[in-house]
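Every read-out reported here was derived from the displayed coordinates using simple, explicitly stated rules and does not represent laboratory data. Predicted, not measured: the structure shown is a model, and the values here were computed from it. Positions of Cβ are backbone-derived with ideal geometry, glycine not excepted, and every protein chain shown enters the neighbour counts.
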Amino acid sequence: MLRNIRVLSVVMLILAGFVLTGCAKTKELERINKQQAETIASLNSEVTKLNDELDAMKKAKEELEKAKASLEQKLSKEVAEGGLEIGMEDRGLVVTMLDKILFDPGKTTIKTQAQGVLDKVADILKKNVKDNIVYVEGHTDSDPIKHSGYRSNWELSTARSTEVVHYFIDKKDVKPERLIACGYGEFQPVASNKTSAGKSKNRRVEVIISPKKYVEKSLPVVQGEAGEEYTK
């Protein structure tokens, strides 16, 4: 009798072991299935995000192409005369204006006859690509500053790009938040500075209409000492 009880106890322990092992395997399978489901959901989310980004890039490119066509139509005379170029690059739609169109040698005051060109560019910025970020870049040749009063070509190129930005803002009401002014001096030439023709090409202002959109950022609200709220 005692022997039978012992045998029965062993059998019950073995069966309990099988049950516990089965439960453990079930939990492990459930964990693996949950992990796989989460991975698939994450991948699907990434695919959706990438598709949205591709759609946005495609739309932005189409907008820039339309803006390019409008600029080419409005500025056909200036393009034909060789003082202005319009082209698509990886960084966006680029309008290149030689300094002889915009400024007198060594100066930063925009010529009266150049205002019509900037007006046409500004109209495109406000109508066709009204939310795009716009970079205005100044460039010079490698000749050192002699008579303009600026310390170097850095200052001259930056002053010229800033002058164009101010024109867009003050005269044409382009949103200042969208505009970025910078100067590169003589350090990004597009032609050799060993010839007069090359120097002429290097003295330029480039207006780059980026495919990136300006997104207004909300400022955090801070509680003042007297209880008033203000943004910081």
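Here is how the numbers come out for the structure above:
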{"item": "Label-point separation, VAL215 to ALA37 (7 Å along Cα→Cβ), nm", "result": "3.1 nm"}
{"item": "Amide hydrogen neighbours beyond the local backbone of ARG204, cut-off 5 Å, H modeled", "result": "ASP99, HIS139, THR140"}
{"item": "In the range 140-226, chymotrypsin sites (Phe, Trp or Tyr not before Pro) in a DSSP loop with at most 14 other beta-carbon atoms within 10 Å", "result": "PHE187"}
{"item": "Amide H within-cut-off set for ASN132, under 5 Å, with H built and near neighbours excluded", "result": "TYR214"}
{"item": "Estimated inter-spin distance, VAL79 and VAL47, nm [label 7 Å along Cα→Cβ]", "result": "4.1 nm"}
{"item": "The range 65-178, dipole about Cα centre (Lys/Arg Cβ +1, Asp/Glu Cβ -1), debye to the nearest 20", "result": "360 debye"}
{"item": "Charged-residue dipole, Cβ positions (Lys, Arg, Asp, Glu), the range 57-128 about Cα centre, Debye nearest 20", "result": "260 debye"}
